[in-house]
1. Which residue pairs have Cβ atoms closer than 7 Å, lie 6 or more positions apart in sequence or on different chains, and pair a first residue in the stretch 35-63 that is farther than 19 Å from residue 111 by Cα and assigned to a loop (DSSP other than H, G, I, E, B) with a second residue that is modelled with pLDDT under 95 and of a type in the set (Gly, Ala, Ser)?
2. Would a scan of the stretch 53-62 turn up a residue that is open to solvent by less than 50 Å² (accessible area, probe 1.4 Å), closer than 19 Å to residue 15 by Cβ and of a type in the set (S, T, N, Q)?
3. Which of the residues spanning the stretch 100-144 are within 19 Å of residue 42 (Cα to Cα) and touching a Pro at 6+ places or on another chain (Cβ under 6 Å)?
4. Of the conditions (1) without any contact (Cβ under 8 Å) to a residue 40 or more places away in the chain; (2) assigned to a helix (DSSP H, G or I), residue 376 fails just one. Which one is it?
5. Within the stretch 295-310, can you find the residues that are open to solvent by 70 Å² or more (accessible area, probe 1.4 Å) and either within 43 Å of the chain's Cα centre (by Cα) or within 16 Å of residue 358 (Cβ to Cβ) (or both)?
6. Exactly one condition in (1) open to solvent by less than 20 Å² (accessible area, probe 1.4 Å); (2) free of Cβ contacts under 8 Å to residues at least 60 places away in the same chain; (3) among the hydroxyl-bearing types (Ser, Thr, Tyr); (4) over 19 Å from residue 16 (Cβ atoms) is false for residue 136; which is it?
7. Does the stretch 172-221 hold any residues that are open to solvent by 20 Å² or more (accessible area, probe 1.4 Å) and basic (Lys, Arg), and which are they?
8. Mind listing whichever residues of the stretch 252-274 are at pLDDT 70 or above, of a type in the set (A, V, I, L, M) and either open to solvent by 80 Å² or more (accessible area, probe 1.4 Å) or not in a loop (DSSP other than H, G, I, E, B) (or both)?
Amino acid sequence: MTQTEAEQKAMQSSRAPVLDVVIPVYNEEVDLGLCVRRLHAYLRAGFPFTARITIADNASTDATLAVAELLAAELDGVEVLHLDAKGRGRALRAAWEASDAAVVAYMDVDLSTDLDALLPLVAPLVSGHSDLAIGTRLDASARVVRGPKREIISRCYNLLLKTTLRAGFSDAQCGFKAVRTEVARELLPLVRDGEWFFDTELLVLAERAGLRIHEVPVDWIDDPDSRVDIVDTARKDLRGIWRLTRALTTGALPLDELRAAVGREPLVAGVPLGMVGQLVRFAIVGVSSTLAYIVLYLLLQPLLGSQGANLISLLVTAVGNTAANRAFTFGVRGRGNAMSHQFQGLAIFAFGLAITSGSLFALHRWAPDAPVAVELTVLVTANLVATLARFVGLRWVFRHAGGDRTSVSPVFVATDNADSAARAHAVEVRR
């Protein structure tokens, strides 16, 4: 090799690649060499983006680390990251956080997924159109070879995710994913799991933050020598689903801050993010409150008179309306500031009471013998005017609601510290 060629190669190796493909491994001394050489040859045979392969060895007890270091010495663009703690998610976290590539990805060491799906996976991320990309084995156009037991388990798991976490992605556990590095750095501090539930947690957080997830149907052949303990993994996945569902329900996750960090601003100036959905949910609550108000008014009017029935009916439905809008329309969970929100809602109720009571006073002034049906018509019309004021008022009440539910629970901090300690033991061997 001439000096010029050596200098050019050194310059190329010093530049940050577009893609960093991480291969997490544990006791894979037999298959690792074949996998890395095959992937390396593929990336060097016309792949349009510069790429690095990072072997993330997480606490292997065999010769996996030694094999990885030999591969790094033999092949350009291959690096090694060693962690003293087990866990695929933990290995991916350490490798992705340390990467200087624009896009980080990972694939299983068995290369079950056809490598021709790699470019469709990463291209939308390189272009900036999408934020994450996943391979899916459950799309109708995917071609999959695996046993019926794994097929049933996979489909049941993803159905469970759709039911419990309202997941919109189709295949959470396919070992073929990519994410823009800047997005990964915002998501990873919120991902608690360091093992197999890592993928699911990452995707759910991304979806709740409004990030765009691109799916690629893949050709996939099951590895009969898989080391995954299905029973243990299923148990941990169920615990992860319960933990994540509880965190989303109680507002323990700082989703508003996450959305701001990843730049999910409103598309139309002057129309706040999520306002259309809020209007729909507000309308549903409003219709229910109006029906409840009518029933209460008809029951109380003979006993308390028009003004008394209006006062009690409006007060009861206002308290229920504020509570329902707090949880359903504006997504505020937990007890924090609940009483404060109710008191502010009562201030809005006072405005509605003034409009409806004034309407009743005017009706009885000009038509003192008006029947109950006419009274209800006037009151419902007045309530429609009050409803617009209520929506604007409640948006003001909950304007800082994201801050009420963005406090990170201590267990998140403790988990992050544990992973930081594990990453502190990582030894990177670069060629």
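1. Here the result reads 59/85, each pair linking the stretch 35-63 to a residue that is modelled with pLDDT under 95 and of a type in the set (Gly, Ala, Ser).
2. There is at least one residue in the stretch 53-62 that is open to solvent by less than 50 Å² (accessible area, probe 1.4 Å), closer than 19 Å to residue 15 by Cβ and of a type in the set (S, T, N, Q).
3. Scanning the stretch 100-144 gives a single hit, 101.
4. Unmet condition: (1).
5. 295, 307
6. (2)
7. The answer is 180, 185, 192, 208, 212.
8. Hits for the stretch 252-274 are 255, 258, 260, 261.
The values are calculated or read from the model by the stated rules, or taken from the named source; none is laboratory data. Every value quoted in this text rests on a predicted model; they were computed, and no experiment measured them. Reconstructed Cβ throughout: ideal geometry from the backbone, glycine too, with neighbour counts over all protein chains shown. Just the protein is used for accessible areas: all its heavy atoms, side chains included, with ligands, DNA and RNA removed. Shrake-Rupley method; radii C 1.70, N 1.55, O 1.52, S 1.80 Å.
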